[in-house]
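Taken together, the values in this text are just the output of simple stated rules run on the coordinates, not laboratory data. Remember, predicted model here, so these are calculated numbers, not experimental data. Glycine gets a Cβ as well: all are built from the backbone with ideal geometry, and neighbour counts include every protein chain shown.
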Amino acid sequence: MMFGRYSGTFRHEFGEIQVEVAEVNGLLTYRRRCEGEAFERILVSKTGEIVINPVEPGSLPKDITDFLLMEFTPMMIEPGATQTIYLKFPVEIGVFIESVRDVEVLDIFGLGTQKYTLYGPPADGVIALYCRSAIYPDIPPVELYREGVMELSIQNLSPEWMEVSCAVFNTTDMKIYYGGFVATSATMRVISKALAETNFVDAPLRPGMEKAMELNRARKISVLNRGHLMEWGH
């Protein structure tokens, strides 16, 4: 697996992804190629380490949004019921350079093409990374560096039957784990036909999974877990 912590030189190759730190003309150099796109940086460091892990999606082809819209087959949920489902979400890969005193984002890349959409009205809505997924009753197999598994627990708090076909998340709250596959866990509380609240859960989907370094830590952004209130339907 490519994910992990590295000091000195290394090389990983997986399909259309090649990542390495090597001596180039006497200089320590980070080089990455993904689906034909190349990226390179010279590293001036004696003690720094490279950390590679999955990160919160929404940074490709540049830092666009902190919102993720997951669309899936419509579900009818009876009043008071709770259902846990599994979805697939797009994986983006972050490369960090870390020393004793600081950590910085060195590179972010991913397989495939990202799609974005508007959630809500044009004047007040938000741009969100769009992903459509089938619904799975159990953890599905995934392509490791392309897609991850989201465990989503949906609870209908209203006194009426509710149709649910999408969930919108604020990814600054996202907690990602990896270990054989990439995973995150989330909840959705349906309040009414127009309102629902989503949150991420900071827990591994399976025992022994490693918690990924968060982009917010490297970007020095303090985040309070606040979830997201879906005001324009679900």
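See the values below:
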| read-out | value |
| --- | --- |
| Local net charge near Val201, Cβ-Cβ under 9 Å (Lys/Arg +1, Asp/Glu -1) | -1 |
| Options Ser165, Phe181, Val142, ranked by Cα towards positive dipole end of the range 116-234, top entry (Cβ charges) | Phe181 |
| Environment charge of Gly15, counting only residues whose C-beta is closer than 10 Å and scoring Lys/Arg +1, Asp/Glu -1 | -3 |
| Nearest-20 debye value, the chain charge dipole, Cβ charges on Lys, Arg, Asp, Glu | 400 |
| Lys/Arg +1, Asp/Glu -1 at C-beta; the chain dipole; positive extreme among Phe14, Ala194, Gly48 | Gly48 |
| Choice from Asp66, Asp202, Asp124 showing the highest fluctuation, given a GNM over the chain with Cα pairs closer than 10 Å | Asp124 |
| Amide H within-cut-off set for Phe89, under 5 Å, with H built and near neighbours excluded | Gly148, Val149, Met150 |
| Relative contact order computed over the chain (Cα-Cα under 8 Å; 6+ residues apart), in percent | 19 |
| Within the range 36-132, percent of DSSP bridges classed antiparallel, to nearest 5 | 80 |
| Unit charges on C-beta of K, R, D, E only; dipole of the range 87-201, Debye | 240 |
| Considering only the chain, percent of DSSP beta bridges that pair antiparallel, nearest 5 | 85 |
| Gaussian network model of the chain, Cα within-10 Å springs - most flexible of Thr187, Thr172, Thr82 | Thr82 |
| Qualifying lysines (Cα of each under 19 Å from Cα of Lys88; at least 8 residues distant if same chain) | Lys115, Lys175, Lys211 |
| Over the chain - Rg/Rh using Cα atoms and the Kirkwood inverse-distance radius | 1.01 |
| Spin-label model distance (nm) - Glu49 vs Arg33, 7 Å beyond Cα toward Cβ | 2.9 |
| Dipole in debye (nearest 20) - the range 53-154, about Cα centre, beta carbon charges: Lys, Arg +1; Asp, Glu -1 | 300 |
| Glu40-Thr73 pseudo-label distance in nm [points 7 Å out on the Cα-to-Cβ vector] | 4.8 |
| Helix-only CD estimate at 222 nm, as mean residue ellipticity for the chain, using -39500 (n - 2.57) per DSSP H run (n ≥ 4) | 0 deg cm²/dmol |
| Label point at Lys193 placed 7 Å out along Cα→Cβ; residues across the range 149-170 whose backbone nitrogen lies under 12 Å | 160-163 |
| Theoretical FRET efficiency, 1/(1+(r/R0)^6), r = Cβ-Cβ of Arg146 and Ala203, R0 25 Å, to 0.05 | 0.60 |
| Residue among Pro159, Pro140, Pro90 with the largest mean-square fluctuation in a Gaussian network model of the chain, springs linking Cα atoms under 10 Å | Pro159 |
